[in-house]
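What follows is one structure encoded as structure tokens, with my remarks underneath.
The values are calculated or read from the model by the stated rules, or taken from the named source; none is laboratory data. If you're wondering where the values come from, they're calculated on a predicted model, not measured in any experiment. Positions of Cβ are backbone-derived with ideal geometry, glycine not excepted, and every protein chain shown enters the neighbour counts.
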Ligand code: SAM
């Protein structure tokens, strides 16, 4: 980095240090999802300078810190100790210490326990800030080749059979692109369940993102099922599934205005609401529908 650029990065025009670590702040630090070069300068600065690090798995984070040549006190913060440990971390923040929260990989609070700590800090008036970086869901969406304008993130689909089926059926009418996380040993079951709930939609299977074996398979659900009959799923996956077709909302096109109103009454509306709903569907003033109804 040149001297001038270095100064611009580190200091504002009044000579104040940018990115200075503040006391009593929780820093959510995104860490690489496979490629260590993806850690930002700012992330390294925060990890090096905070008072302590809360890590989902301290052994994993110790490896990252050793790669960076950083030595820092750590506490573990994970699924099964998050309630008691969250309180302890909050007390330390309230006493003026600074803390970086890191999870095993990617953006803390996205499908990992970080979300509870953020909520607890917010409830206690503790400032939380974010050091952006890798997030598997967003990387996969960007690579999917599917519509990215609107999407819904679902994380892992529940393992319990009934609950899983119910959730997938609810999602069948979702028009936005869907993003799921999945482990290799569940992949084949999940693809079959997707096919049953969604039909033969397009899917992008994004595997080992940012790693040497990164692979994006853009296909359909039936072809994916076929493919994994002879290929074993390996590594971590993000599944990006095409959204459902736009629901037909012009069911009334073949109905007369009176039939249209009757349809809503049959579905439980009172007469006045039915007239209002039919007028709204047709984009006409409700008086016009009302006149038709009293004519009969
Ligand atoms: N917070 C993380 C994030 O921002 O990406 C996600 C945590 S979640 C517990 C872990 C899941 O993310 C994995 O099971 C996998 O579905 C997905 N994942 C993480 N790294 C990945 C990678 N390099 N390639 C594909 N999927 C990945």
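Here is how the numbers come out for the structure above:
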| quantity | calculated |
| --- | --- |
| When residues of region 112-153 are limited to those that are part of a loop (DSSP other than H, G, I, E, B), in contact with a helix residue (DSSP H, G or I) (Cβ under 8 Å, 6 or more places away or on another chain) and farther than 21 Å from residue 95 by Cα, the one nearest to the ligand (Cβ to nearest atom) | 134 |
| Any hit, region 18-26, residues being within 16 Å of the ligand (Cβ to nearest atom), more than 16 Å from residue 100 (Cα to Cα) and either exposed (fewer than 14 other Cβ atoms within 10 Å of the Cβ) or free of Cβ contacts under 8 Å to residues at least 12 places away in the same chain (or both) | no |
| Subset of region 216-238 (residues that are without any contact (Cβ under 8 Å) to a residue 12 or more places away in the chain and touching a strand residue (DSSP E or B) at 6+ places or on another chain (Cβ under 8 Å)) | 227 |
| Residue tally, condition within 16 Å of the ligand (Cβ to nearest atom), part of a strand (DSSP E or B) and more than 22 Å from residue 165 (Cβ to Cβ), over region 196-241 | 7 |
| Qualifying residue in region 178-185 (condition: farther than 19 Å from residue 110 by Cβ, more than 15 Å from the ligand (Cβ to nearest atom) and assigned by TED's automatic domain parsing to the domain that holds residue 229) | no |
| Residue identified as modelled with pLDDT of 95 or more and outside the structural domain of residue 36 (by TED's automatic domain parsing) among 204, 197 | 204 |
| Hey, residue 189 touching a helix residue (DSSP H, G or I) at 6+ places or on another chain (Cβ under 6 Å) and either in a helix (DSSP H, G or I) or surrounded by 14 or more Cβ atoms within 10 Å (Cβ to Cβ) (or both) or not | no |
| Residue 254 vs. criteria touching a helix residue (DSSP H, G or I) at 6+ places or on another chain (Cβ under 8 Å) and exposed (fewer than 15 other Cβ atoms within 10 Å of the Cβ) | no |
| Selection status of residue 288, at pLDDT below 85 and farther than 28 Å from residue 175 by Cβ | yes |
| Number of the exception - residue 81 against (1) within 16 Å of the ligand (Cβ to nearest atom); (2) within 24 Å of the chain's Cα centre (by Cα); (3) without any contact (Cβ under 8 Å) to a residue 60 or more places away in the chain | (1) |
| Qualifying residue in region 53-60 (condition: in contact with a helix residue (DSSP H, G or I) (Cβ under 6 Å, 6 or more places away or on another chain) and away from the ligand (no atom under 16 Å from the Cβ)) | no |
| Test: residue in region 48-68 that is outside the structural domain of residue 237 (by TED's automatic domain parsing), out of contact with any strand residue (DSSP E or B) (no Cβ under 7 Å at 6 or more places or on another chain) and in contact (Cβ under 8 Å) with a residue 60 or more places away in the chain | no |
| Unique match (being away from the ligand (no atom under 16 Å from the Cβ), closer than 26 Å to residue 226 by Cα and modelled with pLDDT of 95 or more) among 192, 169 | 192 |
